[in-house]
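Below is one structure, written out as structure tokens; the observations come after it.
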Amino acid sequence: MNSLDRSLEKIDIMKLLIFLMVFIIITFSFVFLLIIPNVKEHRVLQAEYKRVLVHKTRVENLFLEREAELSKLKAENVHIMSAFKHPFTQEEFIRYAGTFFKQVSLTEVTKSDYKKEFVEYELNVTSTLKTPTNFYNFLEGLNRYSSIVQADFPIHLESGKENISSTFKIKVYDLNATR
């Protein structure tokens, strides 16, 4: 028995080179047919992704700016926001106006939908007061009233011996959310 390995002597070099050439050709054909087109598509998709990411970042920044602006406006206008939610009652308004006038009466003129979000009441106010200063204080105080109330023109003031009688219209805006 011979201890030397003679298996390498039986290898045909020509066959080995042919198989090696076939393997290299098949490998390169897979690379050129499958991998390279996918690399090009990947580059196109990556460029589109970067463009969309930049756009998304801009939109997010704009959203955050608007959200901060909204929070700031909500904080500044908390009284107005609560006034929209506060329901209007004639008794409460008469009590409030009673602090400025001697005698107050309200009569409802119209009630209509205002731009579908609000109900608009138009009320006629008849009152008597001592000095016109009270009337101007009342108009200034409407800004701090618990509902949204707008005094409308014409405002008719008539002076008597001791009192001044006034007649004017107010518009009250009430949220239409509960209707």
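The values are calculated or read from the model by the stated rules, or taken from the named source; none is laboratory data. Being a predicted model, the structure only gives us computed values, none of them experimental. All accessible areas refer to the heavy atoms of the entire protein, side chains included, with ligands and DNA or RNA removed. Shrake-Rupley method; radii C 1.70, N 1.55, O 1.52, S 1.80 Å.
Enumerate the amide H contacts of Ile148 below 5 Å, restricted to partners 5 or more residues apart or on another chain; note that Pro and chain-start residues carry no placed amide H.
Under 5 Å from the amide H of Ile148 lie the amide H atoms of Tyr173, each far enough along the sequence or on another chain.
So how do Phe28, Phe19 rank on accessible area, 1.4 Å probe, biggest first, that is with the largest at the start?
Largest accessible area first, the list is Phe19, Phe28.
For Ser71, Ser29, Ser166, what's the largest-to-smallest order of accessible area, 1.4 Å probe?
Ser71, Ser29, Ser166
Ranked from the most accessible area to the least, with a 1.4 Å probe and all protein chains present, what is the order of Phe100, Phe93?
The ordering from most to least exposed comes out as Phe100, Phe93.
For His79, tell me the accessible area in Å² from a 1.4 Å probe, rounded to the nearest 10.
80 Å²
For a quick check of understanding: with a 1.4 angstrom probe and all protein chains in place, what accessible area in square angstrom does Ile155 have, to the nearest ten?
50 Å²
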